[in-house]
Amino acid sequence: MSSIRTRIAPSPTGNLHIGTARTALFNYLFAKKHGGVFVLRIEDTDLERSDPKYEKDILDSLRWLGIDADESPEVGGPYAPYRQSDRTESYKNYIQQLLSQGQAFYCFHSQKELEEEKQKLLEKKLPPLHFCEYREMEAREAETLAQTKTDHVIRFKTPAGRKITFTDIIRGELVFESDLIGDFSVARKMDSALYHLAVVVDDAETKISHIIRGEDHIANTPKHILLNEALGFPQPLYAHLPLILGPDRSKLSKRHGVTSITEYREQGYLPETLINFMALLGWNPGTDQEVFALNELAQVFDIAKVQKSGAVFNIEKLDWLSGEYIRKKTQEELTKLCLPYLCDFLQFKIPNDQFQNEYVEKVVALEQPRLKKLSEIGEKTEYFFRMPKYDKELLRWKNITETEILTSLEFSEKVIKSKIQNPKSKIEIEKIFLEAIGEGDKGSILWPLRVVLTGKKASPGPFDIIEILGAEETLKRLERAKKIL
Ligand code: GLU
C-alpha cells in the first residue's frame, strides 16, 4: 500500500456544500489513483455553530455520492477518533508544548481592544493584523494572570522577518512573508483548541501526506507550515483547488441557487451525475470525453492538471449530464427512482404494489429521452394518472373553426372505435391513423387529439400516448372534450 493519505475535514455548520463535496471527490480520486487512503474527519471545533444534524447530512450525502472514506467517525480507523470534539486531550498536549517552547503565549487583549485596533488599521488601509505586546510577557506571570483573567486566548508567536515557501501541486511555488501573518490564535483556552492548531495536529496524527483543499485556505497554509515546524511535525504536500464560481463569476453561494448536495438530491439529480459534474469543476481529462463513471475517474484523474482559475458552475451542463445518466438507466431502475417523485407530485400515498406496475414503467419510459431530473416526472406525466385540464382554445389547430375541431374529434373517435379496440402498439396505431387520414390535413386531426389526451402544448405524440392510455381511456377523454366544446 502506498503512503499516500488524503483527507477532508468538513465543518458540520451546514449541509454538505457542493464545493466541499468536490474537495472530497478530488481527495478521494487522488488517493484511489495512487492506492492510498482517504480519510474523513469532522471539524467541529466551533461548537456553537456545529450541529450533529449537519454531521449526519455530510456523512449521508458522501455515502449517497459513493465517496466512501477508508477512515472516518463512522467506520473508525487506526488513528481514531476522527471528530475534533473527541480529540481535546491531544490538542491540550500540543498547546502546552508550544507554551513551554515559548512559541505560543497568552493574549489578554479584550475583544473590544482587538476590534478597535482592527478598525484603526483598516482606516489607515493597513492589513488588520495583530502583533501582540503580550508575547513578551514573562511565562510564569502570564500563567498566573491566565488563572484569573479567563477571557484570554492563546496565540502563536509568529516569527518576524521569515519567508515561508511551499510548492503547491497546482499553483507551483508560493511565497509568504511572516510579517504579513500576525500572531494568530491557536486556542481559546487549554481545552478549546481553534482551527489552525486542531487541523495541524489532526493532519499529523492521522498521518496525512497530501492536503487538497479549497483556494480559500491558501492564506492558512503558511500558518500551518509554521505550526508544523514548531511542533516537529512533517510538512505535508499541498494542492489548493480553484473556487467554484456562479455564472456571474462571483463565489458560488445561495443566491446563485441551491448549493448543498441534499438539495440537488431532492431535485432528482443522480449521484453519478453529480460525481461526473463535480469532477469537471476545475479539472478536465484533456480529451473530448465528458461522461465519466467514478471508477473511471479514479484512473484518469490527475491532480496536477487541475486548473488554477475559478471553475464556473454551469447548470445547463449539469442538466445535460443528468439527462445522459437518466438515459443509461433501465426502465425498471428509472421507474423505481421516479416513483417517490411521482407519488409526491400526485399526492398519492406511499407506492403500493398496484401502483408499481407495468403502466408506470411505460409512462416513465416514454419520458426517459427528455427527462433532465427525476423531479420533473410528476409535471410531465400527470395526464397519465388524471384527466387533464386545459383551455378549449388549446384544441384549435391553426385557424380551424370550432365545428372543424368537433369533426376532428369525432373522426378520431370513429377510428379508435372501429380499429383500435384491442391493445395495439404505437406503430400499429400510427399506421391506422395515417391510413384513415389519407390525403387529409394531419395537423387538424392529431393536434386536437394530442391536446385532448394531455392538456399540454408540448408532449410526446398521440400514438405513444394512446398505446399506454388504451382505447377506453382515450375515448373517455374525447367524449369529455366534445362536451367542453
Ligand atoms: N473545515 C474546513 C472547511 O470546511 C476545512 C479545513 C481544511 O481543509 O484544512 O473548509
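The values are calculated or read from the model by the stated rules, or taken from the named source; none is laboratory data. Since this is a predicted model, take the numbers as computed values, not measurements. Ideal geometry is used to build each Cβ from the backbone, glycine not excepted, and the neighbour counts take in all protein chains shown. Only protein heavy atoms, including side chains, enter the accessible area calculation; ligands, DNA and RNA are left aside. Shrake-Rupley method; radii C 1.70, N 1.55, O 1.52, S 1.80 Å.
Note on segment 44-58: among residues that are away from the ligand (no atom under 14 Å from the Cβ) and either assigned to a helix (DSSP H, G or I) or of a type in the set (Lys, Arg) (or both), the one that is surrounded by the most Cβ atoms within 10 Å (Cβ to Cβ) is Lys56.
Output the residues belonging to segment 27-43 that are of a type outside the set (A, V, I, L, M), farther than 11 Å from Ala298 by Cβ and crowded, with 24+ Cβ neighbours inside 10 Å. Listed by number, the residues that qualify are Asn27, Arg41. Gly286 meets each of the listed conditions (1) loosely packed, with under 15 Cβ neighbours inside 10 Å; (2) more than 28 Å from Ile377 (Cα to Cα); (3) under 17 Å from the mean Cα position of the chain (by Cα) apart from (3). Each residue in segment 214-272 was checked for being farther than 24 Å from Glu177 by Cβ, part of a loop (DSSP other than H, G, I, E, B) and away from the ligand (no atom under 16 Å from the Cβ), and 11 pass. Would you check if Glu404 is more than 30 Å from Leu342 (Cβ to Cβ), open to solvent by 20 Å² or more (accessible area, probe 1.4 Å) and modelled with pLDDT of 95 or more? The answer is yes for Glu404.
Go through segment 194-213 residue by residue and tally those that are open to solvent by 30 Å² or more (accessible area, probe 1.4 Å), in contact with a helix residue (DSSP H, G or I) (Cβ under 7 Å, 6 or more places away or on another chain) and within 12 Å of the ligand (Cβ to nearest atom). Going through segment 194-213 one residue at a time, the tally reaches 0. Anything in segment 1-15 that is more than 10 Å from the ligand (Cβ to nearest atom) and in contact (Cβ under 8 Å) with a residue 60 or more places away in the chain? List them, or say none. Hits for segment 1-15 are Ser3, Ile4, Arg5, Thr6, Asn15. Considering Glu89, Glu115, Glu173, the condition of being in a helix (DSSP H, G or I), of a type in the set (Asp, Glu) and over 30 Å from Glu55 (Cα atoms) is satisfied by Glu115 alone.
Being open to solvent by 10 Å² or more (accessible area, probe 1.4 Å) and polar (S, T, N, Q) is a property that does not hold for Thr273. Within segment 151-186, being more than 32 Å from the chain's Cα centre (by Cα), open to solvent by less than 10 Å² (accessible area, probe 1.4 Å) and closer than 18 Å to Tyr91 by Cβ holds for Ile154, Phe156. For segment 77-96, the tally of residues that are open to solvent by 40 Å² or more (accessible area, probe 1.4 Å) and not hydrophobic (A, V, I, L, M, F, W, C) stands at 12.
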